[in-house]
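As structure tokens, the structure follows; a few thoughts come after it.
The values are calculated or read from the model by the stated rules, or taken from the named source; none is laboratory data. Computed from a predicted model, the values in this text were never measured in an experiment. Methodologically, a virtual Cβ is constructed for each residue, glycine included, from the backbone with ideal geometry; neighbour enumeration extends over all protein chains shown.
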Amino acid sequence: MPILPKQRDVFPDGLLEAEVGDLAGGVAATADAHWVAFYTLARREKDLMRKLEAAAVPFYAPLVRRRLHTAGGRVRHSFVPLFPGYVFAPVDDEQRRAALATNTVARWLSIPDERMLVTDLRAIKRLIDSEHPLTPEARLEPGQLVRVKSGPLRGVEGMVVKRRGEQRLVVAVRFLNQGASIELEDVDLERL
């Protein structure tokens, strides 16, 4: 049982479902809206997400389930940010200033290639939604680029790395040089 229920990690629900060319990702936004990465103060990602939702500012900050073992041997689950410290948002100048006024943001980073970021975030969301066990990857290692050719993750592209004798598919957010990985069989993958 989770310590707290999972809070909303994407607002609005269809944020990442629009065409990649739509910078706002399906949200009705002004023409000057651009994707940014808000780097939060330590452990303030969820606080920022709640404040952005209350202000109707779109965002995405993927949350994943983590198992915690207590001293008494109980197992608890909590939902933690996949990319600690980062909340992604397609915002205009007014929305960016509103986010900065929440006192939860240390700095913000502009995204040089917004299409690539949206594509990466969609792939990460598909991995999370597949409910396969997910492992955060702090730094990416060079390897073979592949595409999943069957199953619920069909079409997701990533890089294969070997870890402790198992094959893992890493899907990266290239802007951060971070990613997440899942274990897949070789038969599910095709080379790019």
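When the residues of region 90-128 are filtered to those that are among the charged types (D, E, K, R) and without any contact (Cβ under 8 Å) to a residue 12 or more places away in the chain, the one that is surrounded by the fewest Cβ atoms within 10 Å (Cβ to Cβ) is R97. V87 meets each of the listed conditions (1) crowded, with 21+ Cβ neighbours inside 10 Å; (2) among the β-branched types (V, I, T); (3) assigned to a helix (DSSP H, G or I) apart from (3).
Residues in region 71-78: is at least one without any contact (Cβ under 8 Å) to a residue 40 or more places away in the chain, of a type outside the set (S, T, Y) and outside the structural domain of A54 (by TED's automatic domain parsing)? No - not one qualifying residue is present in region 71-78. Of the residues making up region 90-123, those that are aliphatic (A, V, I, L, M), in a helix (DSSP H, G or I) and within 16 Å of the chain's Cα centre (by Cα) are M116, L117, V118, L121, A123. With respect to (1) modelled with pLDDT of 95 or more; (2) not assigned by TED's automatic domain parsing to the domain that holds T40, the lone exception for W108 is condition (2). For region 81-116, the set of residues classified as of a type in the set (K, R) and under 13 Å from L41 (Cα atoms) consists of R107 only.
Just to check your reading of the model, which residue among G85, G73 is modelled with pLDDT under 90, among the small types (G, A, S) and on the phi > 0 side of the Ramachandran plot? Going through G85, G73 in turn, the sole match is G73. Only a single item in (1) among the hydrophobic types (A, V, I, L, M, F, W, C); (2) surrounded by 15 or more Cβ atoms within 10 Å (Cβ to Cβ); (3) farther than 21 Å from A55 by Cβ is not met by L145, and it is number (2).
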